[in-house]
Amino acid sequence: MKTRFFSSRLDNPPYIHPYQAYLFILPGLIIYAVFVLWPILNTARYSLYDWTGFSDPVYIGLDNYAELWNDDDFWLALQHNAFFVIFYSILPIMLGLFLTALMTRRTLRGMTLFRTGLFIPQVMSPVVVGIIWRWLFAYDGPINELLLALGLDGWVRPWLGDFTWARYAVGGVGVWVQYGLCMVLFIAGAQSINTDLYDAAAVAGANAWQEFRHVTLPGLRQQILVAFVLTFIAALRVFDLVFVLTRGGGPGKETIVTSLLIYREAFQYNRAGYGAAMALVLTVIIVTVSALVMRLQTSEEDAQ
Amino acid sequence: MIRDRDYWRKQARTGLTYLMLLIFLIGALLPFAGIFLTAFKSSSELAQGPFALPETWQFDNFQKAWDGARFGTYFRSSVIVVVPVVVIATILSTMSGYAFGMIRFWGDNLLLLLIVLGLMVPSEAVIIPLWKLMGTLGLRNTYWALILPQVGLSFAFGTFWMRAHFKSMPTELVDAAVVDGCNAWNVLWRVLFPLSRPALLSLIVLLFMWTWNEFFLVLVMVTGDLRTLPVGLALLRGRYAADVPVMAAAATIVSLPVIVMYFIFQRHFIRGMVSGALKE
Amino acid sequence: MKSKRSVILLTIVALLVALAPAAAQDEVTLVVWDNWTRDAEQAMIEQLNAEFEEANPGVTIQREAYDTSDLTDILPLALSESGGPDVAMINQGFTGMGALVEAGLLLPLDDYAAQYGWADRYAEGLHARNRFTEDGATFGEGNLYGVSNTAEVVAAYYWKSDFEELGLSIPQTFAEFEAMLQTIKDADKTPIVFGSLDGWPAIHTWGAIQHAYATLDELDAFMFRREGGTFDTESNLVSAQKMVEWIDAGYFSPGFEGMDYDNQTFGAFLNHNGVMWITGSWMTGSIIEELGEEEIGFFVIPSAIEGAPPLSIGGVGLAYGARATTEQPDLAAAYIDLVTGPRAAELLFEQGFLPAATVDPALLVEGTLTADVVEAWNTISSQNAVGHYLDWTVPDIAANIQELMAGQVSPEEFIQDVESDYQAGGM
């Protein structure tokens, strides 16, 4: 559908001038440029300095990055972020696909109710989510009480303070937050898969697994990509939740993540330059992966 | 109809689907139910378990959270920040989305790319220079320190969003308006804007939610009474932190506006988040 | 279009009004930043400020209050920019005051100290904590950059009713203290309420044991990074082993690894889920608010070294310092003098704070928590037994202590980990 007009290249009536486009964009663009673009560029610049944030910066070239490369804490934090990708992205996506695979009819009754409810964890502030789960995971809290009631005394532990299990506890909350998103996305996507394909599969004698693999899964590719990007970015950027659940990095350093490290280095240890370097690395990772996935998405769109 | 094996198998699967959906649904809602109920209890009733109903539904805890724990103040802060951000960003995004979506001009792809960049970068990438910038401008620890960056970030998403919307609008509308003698400004506000309710509503609720829940930026930029609700909740210390029902009431206060917005606009909410929302 | 134009006009006018500099004043304004954020505290400091303004006509005090952690975060930037505070409360230690001194942001106060006689306010050992050499590299000596008006001591709060019930009295030796723990445990109660989720409470709890075994010289050398300062000492090893022993014996709250400070530990103590709580005197006000003055007591933990004073973690609170580039240094010093002096101490005490200067014994009511706390401070202050907050020198030590307590590392490994952190500069 042709929607582009007022083009300077086409012979358009002169009552709309292309330069007016700039006027429409300008106010927002100014605020955006000053408060988003300019800071992004500055983060890159600060990363090349040794700077406390309030005294004179000293140029040190790539030394911050060299130090970062050797910084065990940084790699540990990245590792934890990767760990959370499993719980934020992979598991919820699998749960969503599992649910979609079960569905035989494409439309279910009461979908609105389910959709509305499943989505609520996404809507809440991660701080509220953190407060609630901290209370649930408390040593004398509901989860342990339930375990006791079920006779599973050996499983009772101080979850968020336990060196082995804290990460899994935090990961578990991640699954809980994200699975609703994936389910809603995939169910909506499944509803738009052409039913002819399912009929064809039935005629060909496909069983449930084959039907899933050859019809449902390909049909959901877009949604899976979107779900993956959203949850992947969330896993890499997680801050609020970990801050509240484990008060900044868990027992010892068990749940420290990159954004917490950036906060600590830049704002508590007065190493703004170092923090900027870290932030830049994190950004590059996120932007690269997002760009890759978006590339996949648009090539899909074109193909379709 | 022959009720053969296949039929029953399908029924079983459907039943199982509903069961799983129900389990997941309850799983998603139960924790909130627990905290919500706790907010109405007195401390002594805690021992009965999280899901026991309170004997009398007390509002004491809310009172304490509001006054004693200063959540009334934080609520005010949140509103002071969220309203300007949503209003200004929506207006600016509508304007620029219109330009990108309907006018072809030199550099439009480049500018768009710059704006999309803002969608993808995390707030960690901008926080340090922003903090320094606010200091230089003398705006640190003011509401502007929270409003301006969030307008900027919301503008990026909003432009993207409204552009997609405007691109999908039929050209005949514009043609007719132009024939009637409208200039570009009037075309936008007199003709297209009134017809854009779904897209605008989605945008507004999304921006509201994200700004209301914003944590990291608020944590770094402001202190004390200027804090918004999420930060106030996370940093709650002192005697109220030891009082679980008060904490629960505080958490409820923080969540209520978003939940209300959500229920009113949930169709738009979900559609908004689901259609390639990449602001996070 | 018309409405849009008027909006733009209004915005410009509003901006101009907002940014217009305040009319030049003949009066002098002193900008002060402090951490008196609670209502009662505000009333106290406002009164002091009013007295200062009366004594110095033409001077107005412009005051801003921040929570302690906020203050430490935003102060560096504020001091380095124009229009920042003339006087502010500063956190001690390398990352706090040290960093500011290094950046040349603080005014040396030695001349004023001599002029006003601040040396008499409290022991020199405590003043040392506000000293740095000009380059900010050496802690504990050099110029004086701040004067504190409150004090803190980390010791044990206890439920008097439990002590009565079990026939216990304030321990006079460390061995007695340990025996007491077992007695309480045998009576099926939790001896020490504790929660380490937040990290730093572990520093105080382990630190309490460490201070029982260490000498002040050892600690000073370590904290101030003097010659021979090291973490690898016999007393530290013994303390680490002792900690592990006590955990195995079940002397701490069950599930302490998962308990946070404000919510669960404080709550546990208030709800009488344990007999004692080893934490700082800063909680006195909150405890009195909830439980009154009579039910809870406070005592310092005796040393394990024969005949030694009860070395305890403690020190003086945030120090009042002045900006190096302030335009009224004399006025700033005069204000510091007032706010750290006897009149201030009086008002602070009324608010339930522990003043750094000595409190008039006549003001103390025997048997109250407040009296106990003041006595505790007097004991360690007069006997030169004020210890240190370990994270001033090794900021990450909380994580190491958590590892020790969880059995992730052995006491020997714990010592080595902290020592290598310390040698690497503490980060």
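Just so it is clear, none of the values below were taken in a lab; they were calculated from the coordinates. The model shown is predicted, which means the values in this text are computed figures rather than measured ones. Here the Cβ is made from the backbone with ideal geometry for all residues, glycine too, and neighbour counts use every protein chain on show.
Listing for the model above:
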item: Residue-averaged beta-carbon neighbours from other chains (10 angstrom radius) around A:266-273; result: 5
item: C-alpha center-to-center spacing [the range B:8-39, the range A:227-304] in angstrom; result: 31 Å
item: Sequence-separation-based contact order of chain B, relative, with Cα cut under 8 Å and 6+ spacing, percent; result: 30 percent
item: The protein assembly as shown: radius of gyration and largest Cα-Cα distance (Dmax), Å; result: 31.1, 106
item: C-alpha center-to-center spacing [the range B:122-169, the range C:354-404] in angstrom; result: 46 Å
item: Euclidean distance of C-alpha centroids, the range C:251-282 and the range C:317-334, integer Å; result: 39 Å
item: Shielding by other protein chains, B:178-186, mean Cβ within 10 Å; result: 3
item: Shape category assigned to chain A from the gyration tensor of Cα positions, a/c cut at 1.5; result: oblate
item: For A:Ile193, distant residues with modelled amide H under 5 Å away; result: none
item: Crossing angle, helix C:2-19 versus chain C [Cα axis fit, 0-90 degrees, rounded to tens]; result: 70 degrees
item: GNM result for chain A, Cα springs below 10 Å: residue of A:Leu260, A:Leu97, A:Leu152 fluctuating most strongly; result: A:Leu152
item: Computed E for B:Thr56/A:Met111 - FRET, C-beta separation, R0 51 angstrom, nearest 0.05; result: 0.85
item: Theoretical FRET efficiency, 1/(1+(r/R0)^6), r = Cβ-Cβ of B:Ile80 and A:Arg45, R0 30 Å, to 0.05; result: 0.40
item: Estimated dipole of the protein assembly as shown in Debye, rounded to 20 [Cβ of Lys and Arg +1, of Asp and Glu -1, Cα centre]; result: 7460 debye
item: Anisotropy class of chain B from Cα gyration tensor, a/c 1.5 cut; result: oblate
item: Prolate/oblate/rounded call for the range C:283-427, Cα gyration tensor, a/c under 1.5 rounded; result: oblate
item: For the protein assembly as shown, with +1 on Lys and Arg beta carbons and -1 on Asp and Glu, the positive-most of C:Ala151, A:Ala201, A:Thr100 along the dipole; result: A:Ala201
item: Nearest-20 debye value, the range A:71-303 charge dipole, Cβ charges on Lys, Arg, Asp, Glu; result: 280 debye
item: Estimated FRET transfer efficiency when R0 is 22 angstrom, pair B:Leu46-C:His272 (beta carbons, to 0.05); result: 0.90
item: Net +/- balance of residues flanking C:Glu102 in space, Cβ distance below 10 Å, scoring K and R +1, D and E -1; result: -2
item: Percent RCO, i.e. relative contact order, over the range B:1-125, from Cα pairs under 8 Å lying at least 6 residues apart; result: 12 percent
item: 10 Å Cβ neighbours from other chains, averaged over peptide B:211-223; result: 4
item: Structure-based [θ]222 nm, chain B - -39500 (n - 2.57) summed over DSSP H runs of at least 4, per residue, nearest 500; result: -22500 deg cm²/dmol
item: Nearest 10 degrees, 0 to 90: helix C:174-186 Cα axis against chain C principal axis; result: 80 degrees
item: Most mobile of B:Leu53, B:Leu119, B:Leu37 in a GNM of chain B (Cα contacts under 10 Å); result: B:Leu53
item: Sparse-neighbour loop sites [GluC sites (Glu not before Pro); the range C:227-302; at most 14 other C-beta within 10 Å; DSSP]; result: C:Glu227, C:Glu294
item: Chain A, helix-only ellipticity at 222 nm - DSSP H runs n ≥ 4, -39,500 (n - 2.57), divided by all residues, nearest 500; result: -19500 deg cm²/dmol
item: Mean separation of Cα contacts under 8 Å (6+ apart) over length of the range C:203-345, as relative contact order %; result: 28 percent
item: Cβ-based net charge around C:Pro329, under 11 Å, with every Lys or Arg adding one and every Asp or Glu removing one; result: -3
item: Above-threshold pairs, the threshold being 22 Å between Cα atoms, out of C:Lys185/C:Lys242; A:Lys253/C:Lys189; C:Lys160/C:Lys185; C:Lys160/C:Lys189; result: A:Lys253/C:Lys189
item: Sparse-neighbourhood loop sites, GluC sites (Glu not before Pro) in the range C:117-198 - DSSP loop, at most 15 other Cβ within 10 angstrom; result: C:Glu134, C:Glu141
item: Among C:Met223, C:Gly207, A:Leu260 the positive-end extreme of the charge dipole of the protein assembly as shown (Cβ point charges); result: A:Leu260
item: For the range C:110-126, Karplus couplings with θ = phi - 60° (6.51, -1.76, 1.60), whole Hz, Gly/Pro x; result: 4, 4, 5, 4, 5, 4, 8, x, 5, 4, 7, 5, 7, 4, 4, x, 7
item: Under the span-like rule (Cα at least 27 Å along the axis, Kyte-Doolittle mean at least -1.0), DSSP H helices of chain B; result: B:5-38, B:71-102, B:144-167, B:244-274
item: Karplus 3J(HN,Hα) series, Hz, for the range C:153-170 with 6.51 cos²θ - 1.76 cosθ + 1.60 (x for Gly, Pro); result: 9, 9, 8, 10, 7, 8, 7, 4, 4, 5, 4, 4, 4, 9, x, 9, 9, 4
item: Helix C:200-213 vs. chain C, principal-axis angle (Cα, 0 to 90°, nearest 10); result: 50 degrees
item: Mean Cβ count within 10 Å, highest first, over the residues of peptides B:198-204, C:73-79; result: C:73-79, B:198-204
item: Protection proxy ranking, peptides A:47-55, A:287-295, average beta carbon neighbours within 10 Å, highest first; result: A:47-55, A:287-295
item: Sparsely packed GluC sites (Glu not before Pro) within the range C:350-394, loop by DSSP, other Cβ within 10 Å at most 16; result: C:Glu366
